[in-house]
Amino acid sequence: MRQAIKTSSKVELSPNALFLSQIALGIIKVAEKKPEFAKRLYYTVSSNPHIASSKPALTSLNTNPLLVPENEESALERIDWLLAHIELQLSTGVAHASSLLWQFKKTFEVTQPKDVLFGIVGFAVIGPTLGLIQKRKKTPLSIIVREDVLENDHVDHTQIITRISLEVFERALSHAHGSTRMIEPEVRNWFYGDKNLARHCATQKTLRTIQKELHASGIPFAIENDEKGVSHIAISPVANMSGYNIEQLI
């Protein structure tokens, strides 16, 4: 099943609106591959009055692979988090994300047989008390260091990594208006957990590409610069970095 998201004229989104919209598209992408999850998402979206009153999205977006959940458990956590933001109106950027979920609902109704839609009535709404989320591997915060900097003994990597990692968390906290309960689930798990780091190295060209794509997605990240450009990047645990050809460091 493929959910085609069609939108009208282009409107520039704020960074936060872009991020929330990409979160919504990533969840919808999982629904394309997981029929049972798609049914549960449809029923959850249909039962939400804030989404029911939405209007079609006003700009066209492509799904960003960085924000496609790695599995269904992650997608469940994210839709729960996103719906909380939509219901509490914690951000001015929720309207577009809400519209994308509304469009998913409409597309699902068109593409599914009526007997499937009637059969969805008994599905449980996704929410914090659903009890469907199993214990899963915590997503680490990604650190990418430029190859030539990695070999420089005069660079204090520990100090830099500590600073930019905390900067990423501070940005996530700012988006959540200071509420640790409302930050992204992956970031919350990272902060209250072991604060694991996934250390990588990459060429300057790869770093530039990653930085550009992070800007395009709205994902929180922080950088350290030197005379050659970006030397270190810290990336929110919400990002799915599996698609990048970057060397894993021990």
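The values are calculated or read from the model by the stated rules, or taken from the named source; none is laboratory data. Note that the coordinates shown come from a computational prediction; the quantities given were computed from them, not determined experimentally. Cβ placement follows ideal geometry from the backbone for every residue including glycine, while neighbour counts extend to all protein chains displayed. All accessible areas refer to the heavy atoms of the entire protein, side chains included, with ligands and DNA or RNA removed. Shrake-Rupley method; radii C 1.70, N 1.55, O 1.52, S 1.80 Å.
A compact table of results
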read-out	value
Probe 1.4 Å - accessible area at Asp153, Å² to nearest ten	140
For peptides 17-27, 32-42, 155-165, sequence by mean Cβ density within 10 Å, most packed first	17-27, 32-42, 155-165
For segment 168-215: accessible area per residue (Å², 1.4 Å)	56
Residue pairs, from the table Lys29/Lys205; Lys29/Lys228; Lys106/Lys195, whose Cα atoms sit over 31 Å apart	Lys29/Lys228; Lys106/Lys195
Residues with amide H under 5 Å from that of Ser231, placed H, sequence gap 5 or more	Glu224, Asn225, Asp226
Å³ per residue enclosed by the Cα convex hull of segment 190-237	78
